[in-house]
Amino acid sequence: MSGNGFGHTFRFTTFGESHGPAIGCVIDGVPPLLKLSEADIQPWLDQRKPGQNRFTTQRQEADQVRILSGVFEGVTTGTSIGLLIENTDQRSKDYGDIKDTYRPGHADWVYEQKYGIRDYRGGGRSSARETAMRVAVGAVARVLLNTLAPGIVIRGAMVQMGPHCIDPGRWDWDSRAANPFWCPDAETVPVWETFLDGVRKAGSSAGGIVEVTASGVPVGLGAPVYDKLDADLAKAMMSINAVKGVEIGAGFLAAQLSGEDNADEMRMGADGKVHFLSNNAGGILGGISTGQDIVLRLAVKPTSSILTPKKSVDRHGAEIEVITKGRHDPCVAIRAVPVAEAMMAVTIADHLLRQRGQCAAS
């Protein structure tokens, strides 16, 4: 299987399955002499780990990370960094009933068509369990960014659950920590609680939209043709499980705007620097960062593992109905927030190192 890695100068490769003994990754391109320990990584993993409230899967994984290589006496050595997380709460028997069936909405059928074999225990390699390693790599990327570009701040929030949107006028970043949804609008939280309780009790699921921003990104990251910063960000986000759409800045709304409305006009500020009067471009023009906030949103589909019987087929060609038992997120978009933040950090770290390598003076 190819395609287990992401990035160029800052690059990582992950390994492991949902119900295997462990998951892990190897990170290349981290400069030497950066202070790094498990304590720099674990808090970010704790934000993503399952079983923290009734609105996420009740699989109990500590997600305790170990640094296996690339760090000596508390600093990076410039060599490959190896990270490992042991799986401790696998219940493979939950999937025994579906080992010969294909779950609608999952990768089961196409996976077996492609490889001739599949790990039916939670989806194996195609499981969102892999995203724990992305969060770990994102933590390392944040250490790099805090050292080389300390003004960069990356934050994510959930802005829509099912049909229920937040009110952007009530946006408060600080309120995210006070609820289980990463919701920046405190008044929307009880609406989501009631809605998702109903969805969960019905054995169904709901989708959502996550917004991620990166502030303080310097001008000049990215390249104007195939290595556009927004193109790499879109790939990073689309590679996350269950993500079906990505937009940057005004996104699809830009199609409704006139050229006059969409243009981000510029003026010289009192500080002698160029200032933009709007940010429809989402902080990226021609594939290159403008210095404004990078703003993107990703649409996350409803979890396909539901208790409602759905029409399918089995590996013998028989038409059947499938009910997926086990422990599943009623709204996987909730735990997608720290994953999306991590992929933003990884992509910006990669482009920052590439920029420093090509344009040393910047």
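Step by step: first the residues of region 316-358, then only those that are in a loop (DSSP other than H, G, I, E, B) and touching a strand residue (DSSP E or B) at 6+ places or on another chain (Cβ under 7 Å), then the one that is nearest to Trp192 (Cα to Cα). Which residue is that?
That would be Cys331.
Give the residues of region 1-39 that are in contact with a Leu (Cβ under 6 Å, 6 or more places away or on another chain), over 20 Å from Lys235 (Cβ atoms) and of a type in the set (A, V, I, L, M, F, W, C), sorted by residue number. It would help to see each step written out before you state the result.
Keep residues of region 1-39 that are in contact with a Leu (Cβ under 6 Å, 6 or more places away or on another chain), which gives 9-10, 22, 24-25.
Applying the additional criterion that residues be over 20 Å from Lys235 (Cβ atoms) yields 22, 24.
If the condition is that a residue be in contact with a Leu (Cβ under 6 Å, 6 or more places away or on another chain), over 20 Å from Lys235 (Cβ atoms) and of a type in the set (A, V, I, L, M, F, W, C), then Ala22 is the only one that fits.
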remark   = Residues in region 9-31 that are of a type outside the set (Val, Ile, Thr), open to solvent by 10 Å² or more (accessible area, probe 1.4 Å), closer than 20 Å to Ile348 by Cβ and part of a loop (DSSP other than H, G, I, E, B) total 2
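Out of all the residues in region 141-148, is one or more in a loop (DSSP other than H, G, I, E, B) and surrounded by 20 or more Cβ atoms within 10 Å (Cβ to Cβ)? Give the derivation first.
Just the residues of region 141-148 that are in a loop (DSSP other than H, G, I, E, B), to begin with: none.
No.
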inquiry  = Just to verify a result, which residue in region 46-83, among those that are modelled with pLDDT of 95 or more and hydrophobic (A, V, I, L, M, F, W, C), is most open to solvent (accessible area, probe 1.4 Å)?
reply    = Phe72
task = Can you tell me which residue within region 276-315, out of those that are among the β-branched types (Val, Ile, Thr) and not in a strand (DSSP E or B), is modelled with the highest pLDDT?
result = Thr290
Residue in region 277-322 that is farthest from Glu260 (Cα to Cα), counting only those that are open to solvent by 70 Å² or more (accessible area, probe 1.4 Å) and in contact (Cβ under 8 Å) with a residue 24 or more places away in the chain = His316
ask   = Out of all the residues in region 199-240, which are under 23 Å from Thr308 (Cα atoms), surrounded by fewer than 18 Cβ atoms within 10 Å (Cβ to Cβ) and not basic (Lys, Arg)?
value = Ala202, Gly203, Ser204
request  = Consider only pairs whose beta carbons are under 8 Å apart and that are at least six residues apart or on different chains; among these, list those whose first residue lies in region 197-211 and is under 14 Å from Thr324 (Cα atoms) and assigned to a helix (DSSP H, G or I) and whose second residue is open to solvent by 40 Å² or more (accessible area, probe 1.4 Å) and not acidic (Asp, Glu).
outcome  = Arg200/Arg54
message = I'd like to know if region 175-192 contains one or more residues that are among the polar types (S, T, N, Q), in a loop (DSSP other than H, G, I, E, B) and closer than 13 Å to Met158 by Cα.
response = yes
request  = Restrict the check to region 161-175 and report whether at least one residue is open to solvent by less than 70 Å² (accessible area, probe 1.4 Å) and touching a residue at least 40 places away in the same chain (Cβ under 8 Å).
outcome  = yes
task = Filter region 231-248 for residues that are more than 19 Å from His351 (Cα to Cα) and in a loop (DSSP other than H, G, I, E, B) and give the result.
result = Ile240, Asn241, Ala242
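Check Thr290, Thr308 and return the single one that is in contact with a Phe, Trp or Tyr (Cβ under 8 Å, 6 or more places away or on another chain), farther than 30 Å from Leu45 by Cα and not small (Gly, Ala, Ser). Spell out the reasoning first.
Values: Thr308 fails: in contact with a Phe, Trp or Tyr (Cβ under 8 Å, 6 or more places away or on another chain).
It is Thr290.
The values are calculated or read from the model by the stated rules, or taken from the named source; none is laboratory data. All values derive from a computational prediction rather than experimental measurement. Reconstructed Cβ throughout: ideal geometry from the backbone, glycine too, with neighbour counts over all protein chains shown. Just so you know, the surface numbers come from the protein's heavy atoms only, side chains and all, with ligands and any DNA or RNA stripped out. Shrake-Rupley method; radii C 1.70, N 1.55, O 1.52, S 1.80 Å.
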